[in-house]
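The values are calculated or read from the model by the stated rules, or taken from the named source; none is laboratory data. None of these values were measured; they are calculated from a predicted model. Backbone-built Cβ (ideal geometry, glycine too); neighbour counts: all protein chains shown. Surface accessibility is based on the protein's heavy atoms, side chains included, excluding ligands, DNA and RNA. Shrake-Rupley method; radii C 1.70, N 1.55, O 1.52, S 1.80 Å.
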Amino acid sequence: LWQTDANRRITGVSPRFAETLGVEPGLLEGQPLVQVLAGDGWESGRFPAGLHQLAEHLKRRENFSGLILPVQAGRQTRWLELSASPRHDEKGAFLGFRGVGSDVTVQRESADKIAQLARFDPLTGLPNRSHLRGVLDESMVANGARLPGCAFLMLDLDRFKAVNDTLGHQIGDKLLTQVARRLRQVCSSAE
């Protein structure tokens, strides 16, 4: 649970909210919510789009729900899902916001892992056909009519099926990982 005053400063910090952020509750009291959630990004002005959305909701004094954003908790990044409603007194004066936050880090990391597996080969870590197709499509659109254009190089391992058939899939996998390692070395040294 979390809440702010009319100036968007945190009040009545719940121990669980402070624990999720990796900070003692007393250190959060009276701090601007957006600044606390921005963490180190506050000074540089570079923070996620979700934080900009949060700031807009707070400024407009409107309900919001399901807003997911990354926050620094010590040395690790946590993902919070925030929802809140504005609070008003009996005369209708704005008092601030009251909301809930859920730590959705595990779900986010699982989703990222699934997305990674969908785009990269689990054995070699290299991009798969689906990822390659997406990158090629983006490159062609981005390049447009500009010259000199772009190039595409395709490699094939001759007689790889014979390696798998005669020496076994385990040896074939080792060969593929070795080729992937060498490709990464060559490609990274050329940049």
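Tell me, which residue of the range 42-61 that is open to solvent by less than 60 Å² (accessible area, probe 1.4 Å) and in contact (Cβ under 8 Å) with a residue 24 or more places away in the chain is nearest to Gln3 (Cα to Cα)?
Restricting to residues being open to solvent by less than 60 Å² (accessible area, probe 1.4 Å) and in contact (Cβ under 8 Å) with a residue 24 or more places away in the chain, the top hit is Leu58.
The rows are residues; the columns are (1) of a type in the set (Ser, Thr, Tyr); (2) surrounded by 15 or more Cβ atoms within 10 Å (Cβ to Cβ).
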{"site": "Leu69", "(1), (2)": "no, yes"}
{"site": "Leu80", "(1), (2)": "no, yes"}
{"site": "Ser85", "(1), (2)": "yes, no"}
{"site": "His88", "(1), (2)": "no, no"}
{"site": "Thr105", "(1), (2)": "yes, yes"}
{"site": "Val141", "(1), (2)": "no, no"}
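If you scan the range 103-121, which residues turn out to be under 15 Å from Arg184 (Cα atoms) and not hydrophobic (A, V, I, L, M, F, W, C)?
Correct list: Asp121 only.
Give just the number: which of (1) touching a helix residue (DSSP H, G or I) at 6+ places or on another chain (Cβ under 8 Å); (2) of a type in the set (Ser, Thr, Tyr); (3) at pLDDT 90 or above does Ser14 not satisfy?
(3)
Of Ala111, Ala115, Ala142, which residue is without any contact (Cβ under 8 Å) to a residue 24 or more places away in the chain and more than 23 Å from the chain's Cα centre (by Cα)?
Exactly one residue qualifies, and that residue is Ala142.
Under 9 Å between Cβ atoms, at least 6 apart or on separate chains: pull out the pairs that start in the range 162-184 with a residue that is within 19 Å of Asn128 (Cβ to Cβ) and end on any residue that is β-branched (Val, Ile, Thr) and assigned to a helix (DSSP H, G or I).
The qualifying pairs are Asn164/Ile171; Gly172/Val163; Leu175/Val163.
Which members of the range 64-86 meet the condition of being over 25 Å from the mean Cα position of the chain (by Cα) and farther than 17 Å from Pro32 by Cβ?
Ser85
Please go through the range 1-33 and pick out each residue that is outside any strand (DSSP E or B) and either among the aromatic types (Phe, Trp, Tyr) or in contact with a Lys or Arg (Cβ under 7 Å, 6 or more places away or on another chain) (or both).
Answer for the range 1-33, where residues must be outside any strand (DSSP E or B) and either among the aromatic types (Phe, Trp, Tyr) or in contact with a Lys or Arg (Cβ under 7 Å, 6 or more places away or on another chain) (or both): Phe17, Thr20, Gly30, Gln31, Leu33.
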